[in-house]
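The values are calculated or read from the model by the stated rules, or taken from the named source; none is laboratory data. This structure is a prediction, so every number in the text was calculated from the model and none was measured. FYI the Cβ positions are ideal-geometry reconstructions off the backbone, even for glycines, and counts take in every protein chain you see.
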Amino acid sequence: MSTPHDTLAFIGGGNMASALIGGLRSTGRPGETILVVEPGDDSRQRLASRFGVRTMAAADERLATASLVVWAVKPQLFTVAAAPCAAHVGGALQLSVMAGIRSEAIARASGSARVVRSMPNTPALIGRGIAGLFATPAVTADERARVEQVLAPTGQTLWVAAEADLDAVTALSGSGPAYVFYFIEAMMAAATAMGLTPEQGKRLALATFDGATALAQQSDEPPEVLRERVTSKGGTTYAALQSMEADSVKATIVRAVQAAQRRARELGDEFGA
């Protein structure tokens, strides 16, 4: 397990890195124990002033002090970003929050077989996310626990046994917030079409999603039963659901999520082979 003074190094300082760094700082981790490689001047200054972390424009030997390296660059930039880091990070546990880059590629680029891949989602920015996790065989139980500790401030974690399962996680929860926002957009459009204001539609839609999700989380009954309890035959909910069934909405959603899974696999082939 880590000690409070182990150095954590972040390669990339974007939104997800900021969410993780903010979470770590909120739990009391000293800023000087966090090192961020971020080439962008504005981003680097923002991270230093906001979180009190150490920053650097380019990788150098200081990375060798890190016991955990968090890869948080865009997938298409991974190869370029990894090249100057490789000489310094081989002794560290590698944690990736990049989509598509497979563990074999990370191990090859970093020189470390101890790799954990994480697929987070954007609610991590407010501590309400969920991250799918996969570990290579070289990662110990203590190191798994350490990764959970790092990610804990951003929300929940879920381990999968096969790396390929991360493509499904990406399609479901990684891309999932966009599906929810899309449905909220549609409800707001319906609200204005029925004479409500956009503000009223937004408030009603958001409260409905929030309440329904909380109810589903607290209930021991499956969503199907909860749905049936709201639906009286011949009533308003029944009319709406019958319209959705006629338009094959559920089947369309399933196909859409499967399309996202296929694209995640393609991105893995493109960037992470």
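The set of residues from segment 240-273 being surrounded by fewer than 11 Cβ atoms within 10 Å (Cβ to Cβ), under 25 Å from Ala190 (Cβ atoms) and of a type in the set (Gly, Ala, Ser) comprises Ser243, Ala246, Ala251.
When every residue of segment 41-48 is checked against the conditions, at least one turns out to be out of contact with any strand residue (DSSP E or B) (no Cβ under 7 Å at 6 or more places or on another chain), surrounded by 14 or more Cβ atoms within 10 Å (Cβ to Cβ) and basic (Lys, Arg). Is it true that Gly52 is more than 20 Å from Glu148 (Cβ to Cβ), loosely packed, with under 15 Cβ neighbours inside 10 Å and small (Gly, Ala, Ser)? For Gly52, the condition - more than 20 Å from Glu148 (Cβ to Cβ), loosely packed, with under 15 Cβ neighbours inside 10 Å and small (Gly, Ala, Ser) - is met.
Against the definition (of a type in the set (Gly, Ala, Ser), surrounded by 13 or more Cβ atoms within 10 Å (Cβ to Cβ) and in a strand (DSSP E or B)), how does Ala17 come out, yes or no? The answer is no for Ala17. Confirm whether Leu204 is surrounded by 11 or more Cβ atoms within 10 Å (Cβ to Cβ), assigned to a loop (DSSP other than H, G, I, E, B) and over 21 Å from the mean Cα position of the chain (by Cα). Judged against the criteria, Leu204 is not a match.
Looking only at residues of segment 147-165 that are at pLDDT 95 or above and part of a helix (DSSP H, G or I), we find that the one that is nearest to Leu68 (Cα to Cα) is Val147. Among the residues of segment 207-239, those that are hydroxyl-bearing (Ser, Thr, Tyr), without any contact (Cβ under 8 Å) to a residue 12 or more places away in the chain and surrounded by 11 or more Cβ atoms within 10 Å (Cβ to Cβ) comprise Thr213, Ser219, Thr231, Thr237, Tyr238. A search for C-beta distances below 7 Å between a residue of segment 133-148 that is of a type in the set (Ser, Thr, Tyr) and any residue that is buried (at least 19 other Cβ atoms within 10 Å of the Cβ), counting only pairs 6+ apart in sequence or on different chains, returns Thr136/Ser103; Thr136/Arg114; Thr136/Val115. Just one of the listed residues (Arg146, Arg128, Arg117) is among the basic types (Lys, Arg) and closer than 28 Å to Leu206 by Cβ, namely Arg128. Hey, any hits in segment 51-61 for a residue that's in contact (Cβ under 8 Å) with a residue 40 or more places away in the chain and in contact with a Lys or Arg (Cβ under 6 Å, 6 or more places away or on another chain)? Yes, the conditions are met somewhere in segment 51-61. The requirement of being assigned to a loop (DSSP other than H, G, I, E, B) and among the polar types (S, T, N, Q) is satisfied by Ser112. Restricting segment 73-123 to residues that are more than 18 Å from Ala164 (Cα to Cα) and either touching a Lys or Arg at 6+ places or on another chain (Cβ under 7 Å) or of a type in the set (Lys, Arg) (or both), the residue that is modelled with the lowest pLDDT is Lys74. Of the residues making up segment 171-178, none is without any contact (Cβ under 8 Å) to a residue 60 or more places away in the chain, surrounded by fewer than 14 Cβ atoms within 10 Å (Cβ to Cβ) and under 30 Å from Ala113 (Cα atoms). Looking across segment 140-160, the residues that are of a type in the set (Gly, Ala, Ser) and surrounded by fewer than 14 Cβ atoms within 10 Å (Cβ to Cβ) come down to Ala141, Ala145.
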